[in-house]
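To start, the structure under review is shown below, and the notes come after it.
The values are calculated or read from the model by the stated rules, or taken from the named source; none is laboratory data. Owing to the predicted nature of the structure, the values given are computational and were not obtained by experimental measurement. Every residue, glycine among them, receives a Cβ derived from its backbone with ideal geometry; neighbour counts consider all protein chains shown.
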Amino acid sequence: MSDFFFGTDLFSEFDRMQRQLSSLTGGLPSSLRAARAGTFPLLNVGATDDSIEIVVFAPGLDSDAFDVSIDKGMLTIAGERQPMHGAAGVSQSDEPTRVYAQERFAGKFRRVIELPSNADADNVKARYSNGCLAIIIGKREASRPKAIAVQ
């Protein structure tokens, strides 16, 4: 008899195997794409011909809560998310709330992203709206694609 049994849901088996492999490596992410579950804030990173675009998903914060910096090719996004009071975030009385489950992250956070060598640290824009921090980093002029006319 085989040691492998795949039930009706092959994807759940792949997920189980990935969790087992992750536990063997200590659960350490090997890159941004392999960030641990529960990492806050979540990010999307992409690029166009002219810029590198990062979207940080951090609902419930003010724009002042973020500390964004670039140093030696590393983009750092840091800040702190304050805890909510009461189990639902709104206390109905002065009585302390006994929390049975808490899934919303509260506390200090820090994400560091290595930028490509063509990122222009002098051409950065950041805007926070609707729970998303959009960071657009321009690319150096010399690294942009150029069309060459053939004669």
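Examine the range 34-46 for a residue that is in contact with an Asp or Glu (Cβ under 7 Å, 6 or more places away or on another chain), on the phi < 0 side of the Ramachandran plot, surrounded by 14 or more Cβ atoms within 10 Å (Cβ to Cβ) and at pLDDT 90 or above, and state whether such a residue exists.
no
Just give me the residues in the range 66-106 being among the small types (Gly, Ala, Ser) and modelled with pLDDT of 90 or more, in sequence order.
Ser69, Gly73, Ala78, Gly79
Taking the condition modelled with pLDDT under 90, surrounded by 10 or more Cβ atoms within 10 Å (Cβ to Cβ), closer than 24 Å to Arg127 by Cβ and of a type outside the set (Val, Ile, Thr), does Phe109 pass?
no
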